[in-house]
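Undergrad: Here's a structure for you.
The values are calculated or read from the model by the stated rules, or taken from the named source; none is laboratory data. None of the values given here were measured: they were computed from a predicted structure. Methodologically, a virtual Cβ is constructed for each residue, glycine included, from the backbone with ideal geometry; neighbour enumeration extends over all protein chains shown. For the accessible areas, the whole protein counts, side chains as well, though only heavy atoms, and no ligand, DNA or RNA atoms are used. Shrake-Rupley method; radii C 1.70, N 1.55, O 1.52, S 1.80 Å.
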Amino acid sequence: MKGLSSNEIRLLILSVGTHKSTRPLSPIEVGKYVQRAINAGETRATVAETLLLDDATVIGRFVRLLSLPPQVQQLIGWGSDPATVSFTSASDIARLKSETAQIALAKAALESRLNKSEIIEIVQISERSQRPIESCIEEVLNQRPIVERRHVIIGELQSDSLNETLLHMSQSQRNDLLLSALVRYGLNTSLHGAKLGDGYFLLVGDDVFQSVITSLPGGFEESITKYLTRELSLEGSVV
């Protein structure tokens, strides 16, 4: 397949068309690889055929993920992790034209554990009515007998040098680094999930976790950035 090495193609095949909970690539990494192949001259149909997929529809879903803002991209997973939005739901969120609406719906998907049908309904209501996305989300949630809510905290890293280092790490390596830092500083109590992206991080937890994180000295973005930088230094000293 044009634009990709044989190893990258192997990683793609191991990451799509499977129901395994552990995959070598994240949905966003798959989207980037697929887009690179398309830019090199491959069609979506040939990419789908190489990846042993029945049709090219799913290829379009992966590519659509790349139109989402970074804050949303880091929330996307394969569906088995309760701290992520499934890539199929994320591709539906990408249909919204406003980045602000995309971010709001992605956060609501995690905080209120919206399922795929609810997300599609919210997007359709927004497209038909042109109402604020918050109003559309509330309408769908009001149809539930009980609303279960979690806190989703999205922060921006405050260090260019840290961001540069993270660019050379895979998604799983970044996630492991964030979790290790949270555990080291005792911030994993009541934590439901954590992801570390390119310049941003995501934390999901209950009321207790939210209170602890937002009370960190100097602000949670500055504190998490400092903890990650220290964690990288400690890992380096072990090697």
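Undergrad: Run the accessible area of the chain with a 1.4 Å probe and give the carbon-and-sulfur part as a rounded percent.
TA: Numbers: 5900 of 11850 Å².
Whole-percent figure for carbon plus sulfur exposure: 50.
Undergrad: In whole Hz, what ³J(HN,Hα) sequence does region 157-169 give by Karplus (6.51, -1.76, 1.60; θ = phi - 60°), x for Gly and Pro?
TA: 5, 9, 9, 5, 5, 5, 4, 5, 5, 5, 4, 9, 10
Undergrad: Okay, next question. Could you compute the net charge surrounding Gly219? Neighbours are other residues with a C-beta less than 12 Å from the C-beta of Gly219; K and R count +1, D and E count -1.
TA: Here the charged neighbours net out to -2.
Undergrad: What is the log10 of I(q)/I(0) for region 36-165, computed with the Debye formula using one identical point scatterer on each Cα and no solvent, at q = 0.10 Å⁻¹?
TA: Computed log10 I(q)/I(0) values: -0.38.
Undergrad: Let me ask you something else. Using the alpha-carbon centroid of each, what span in Å lies between region 157-234 and region 1-61?
TA: Taking the Cα centre of region 1-61 as reference, the centre of region 157-234 is 29 Å away.
Undergrad: While we're here: How fast does region 158-221 diffuse by Stokes-Einstein, in µm²/s, taking the Kirkwood radius from C-alpha pairs at 4 °C and 1.567 mPa s?
TA: On the way: Rh = 12.3 Å.
Rounded to a whole number, D works out at 105 µm²/s.
Undergrad: Also, quick follow-up: At 0.36 nm per residue, and after removing the present C-alpha to C-alpha distance, how many nm does the segment from Arg149 to Thr189 gain when stretched out fully?
TA: Numbers: separation 40, 0.36 × 40 = 14.40 nm, distance 1.72 nm.
My answer for the length gained is 12.7 nm.
Undergrad: How big is the chain by Rg and Dmax over its Cα atoms, in Å?
TA: Final numbers for Rg and Dmax: 18.6, 57 Å.
Undergrad: Next question, about the same structure. Most fluctuating residue of Pro69, Pro217, Pro145 in a GNM of the chain with Cα springs under 10 Å: which is it?
TA: Maximum fluctuation in the GNM of the chain, among the listed residues, is at Pro145.
Undergrad: Given H placed on each backbone N at 1.01 Å, which residues far from Ser26 in sequence or on other chains put an amide H within less than 5 Å of it?
TA: Long-range HN contacts for Ser26: Gln171.
Undergrad: Expressed as a rounded percentage, what relative contact order does the chain have, with Cα pairs under 8 Å and six or more residues apart?
TA: On the way: 324 pairs, mean separation 35.7, N = 239.
Worked out over the chain, it gives 15 percent.
Undergrad: Along the positive direction of the dipole of the chain (beta-carbon charges: Lys, Arg +1; Asp, Glu -1; about the Cα centre), which of Thr50, Val16, Tyr200 reaches farthest?
TA: My answer, from the dipole projection, is Thr50.
Undergrad: Under the rule of at least 5 residues apart or a separate chain, name every residue whose amide H is placed under 5 Å from the amide H of Ser67.
TA: Those qualifying (amide H under 5 Å, at least 5 residues apart or on another chain) number zero.
Undergrad: Same structure again: Considering the dipole of the chain built from charges on the beta carbon (Lys and Arg +1, Asp and Glu -1) around the Cα centre, which of Leu66, Ser135, Ala37 is farthest to its positive end?
TA: My answer, from the dipole projection, is Ala37.
Undergrad: With the Cα gyration tensor of region 55-112 giving a ≥ b ≥ c as the square roots of its eigenvalues, does the rule (a/c under 1.5 for rounded; else a/b larger than b/c for prolate; else oblate) give rounded, prolate or oblate?
TA: On the way: a/c = 2.01, a/b = 1.19, b/c = 1.69.
Oblate, since a/c reaches 1.5 and b/c is not below a/b.
Undergrad: OK, next. Cα atoms only, region 1-106: Rg and Dmax in Å?
TA: 13.4, 38
Undergrad: So for the pair Ser129, Asp160, with labels modelled 7 Å out along Cα→Cβ, what separation do we get in nm?
TA: Calculated label separation equals 4.5 nm.
Undergrad: Roughly how many debye, to the nearest 20, is the charge dipole of region 20-154 about its Cα centre, given +1 on each Lys and Arg Cβ, -1 on each Asp and Glu Cβ, and no other charges? Show your work: numbers first, answer last.
TA: Working: 17 positive and 16 negative charges, 37 e Å.
Dipole magnitude for region 20-154 comes out near 180 debye.
Undergrad: Of Lys32/Lys226; Lys2/Lys116; Lys116/Lys195; Lys32/Lys107; Lys116/Lys226; Lys195/Lys226, which sit over 25 Å apart, Cα to Cα? Don't jump to the answer; show the numbers that get you there.
TA: On the way: Lys32/Lys226 29 Å; Lys2/Lys116 33 Å; Lys116/Lys195 21 Å; Lys32/Lys107 23 Å; Lys116/Lys226 36 Å; Lys195/Lys226 16 Å.
Flagged as over cut-off: Lys32/Lys226; Lys2/Lys116; Lys116/Lys226.
Undergrad: Let's test the formula: R0 of 35 Å, r as the Cβ-Cβ distance of Asp176 and Lys97. What FRET efficiency results, to the nearest 0.05? Don't skip to the answer; put the middle values down first.
TA: Numbers: r = 35 Å, r/R0 = 1.01.
With R0 = 35 Å, the Cβ-Cβ based efficiency is 0.50.
Undergrad: Moving on to the next point. Give me the net charge of Ser170's neighbourhood, meaning all other residues with Cβ under 13 Å from the Cβ of Ser170; Lys, Arg count +1, Asp, Glu -1. Don't skip to the answer; put the middle values down first.
TA: Numbers: positive: Arg23, Lys32, Arg174, Lys195; negative: Glu8, Glu29, Asp176, Asp198.
Counting the neighbours of Ser170, the net charge comes to 0.
Undergrad: Let me ask you something else. Send over a whole-number figure in Å² for the accessible area per residue of region 28-133, probe 1.4 Å. Don't skip to the answer; put the middle values down first.
TA: Details: 4640 Å² over 106 residues.
Accessible area per residue, region 28-133: 44 Å².
Undergrad: Under a point-charge model restricted to the Cβ atoms of Lys and Arg (+1) and Asp and Glu (-1), what is the dipole moment magnitude of the chain relative to its Cα centre, in debye to the nearest 20? Before the final figure, lay out the partial values.
TA: On the way: 24 positive and 28 negative charges, 79 e Å.
Here the size comes out at about 380 debye.
Undergrad: Turning to a different aspect of this structure: Can you list the residues, at least 5 places off or on another chain, whose amide H is less than 5 Å from the amide H of Gly197, using H built in the peptide plane?
TA: It is Leu202, by chain and number.
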